[in-house]
1. Applying the selection to segment 126-137, what residues are out of contact with any Leu (no Cβ under 7 Å at 6 or more places or on another chain) and in a helix (DSSP H, G or I)?
2. Which residue pairs have Cβ atoms closer than 8 Å, lie 6 or more positions apart in sequence or on different chains, and pair a first residue in segment 151-163 that is on the phi > 0 side of the Ramachandran plot with a second residue that is crowded, with 17+ Cβ neighbours inside 10 Å and assigned to a helix (DSSP H, G or I)?
3. Within segment 124-139, is there a residue that is modelled with pLDDT under 95 and not small (Gly, Ala, Ser)?
4. Pairs under 9 Å by beta carbon, first residue touching a residue at least 40 places away in the same chain (Cβ under 8 Å) in segment 40-53, partner among the acidic types (Asp, Glu) and part of a helix (DSSP H, G or I), six or more apart or different chains?
5. So which of 23, 17, 48 is modelled with pLDDT under 95, basic (Lys, Arg) and either farther than 19 Å from residue 179 by Cβ or within 15 Å of the chain's Cα centre (by Cα) (or both)?
Amino acid sequence: MIKVEDGKLQAELLDNKGTLPEKIINQYNYIEMKNNFEEVVDILATNKLVHALYQEKLKYEVSEDLEFKIFIDSNIKDYMITYNLATAFSYESDKDTAVLSLNREQYDSSIEMCMILLKRVKMSYDHLNEVEKFIIKSLEFDEPPLTDEELIDRLMTYKNGYYLSKKSAFIKLALQLDIQNVKKMNPEDLLKKMIAEKCAKIVTIDSKTP
């Protein structure tokens, strides 16, 4: 139950129904998934700096009652037009919850992509249970973040139970955002890939020339 008294959340009353069982958690690389989500959080913060003129659209906050608030036009489309250099074919990417990229360059060049990412992070956060939301809020969105020890005290729980909820939260987010095995590509690698694909296309055409 979410209850706030004197501006402070009563964390010990929060519901933890739906926490992933340990058997399922052990099937995933928790550290990798946690690190990938933390990179997404860094991207959200950086997007506000890079697109300073659009800060109002890229604002977000997690309130004391665990609501993830964003200020984006609800009519913005949840897909991007993707252009494949190898085939010269454009297509819509409409996977509802997938992170489109962890490539910084793509967010630097597209305010729309920044907004879509923010909407999808909120959507995934909203599917966590109350304890998981509190843990993610406290570790990733509060400044300064709480420590694991402080969270265990606030939740009035055992250490094992806390770490189970923590792992469950990060794994759920990573799965919903489809960032379990995301391949990161820096701008230099992206340029090399584009050139290689273009060259491959040219070679293919030349080889068919009589």
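The values are calculated or read from the model by the stated rules, or taken from the named source; none is laboratory data. Because the structure is a prediction, the values reported are computed rather than measured. Glycine gets a Cβ as well: all are built from the backbone with ideal geometry, and neighbour counts include every protein chain shown.
1. Answer for segment 126-137, where residues must be out of contact with any Leu (no Cβ under 7 Å at 6 or more places or on another chain) and in a helix (DSSP H, G or I): just 132.
2. So the pair list comes out as 156/11.
3. No, because not a single residue in segment 124-139 is modelled with pLDDT under 95 and not small (Gly, Ala, Ser).
4. Filtered contacts from segment 40-53: 41/140; 46/108; 47/108; 50/108; 51/108.
5. None of the others qualify; the one that does is 48.
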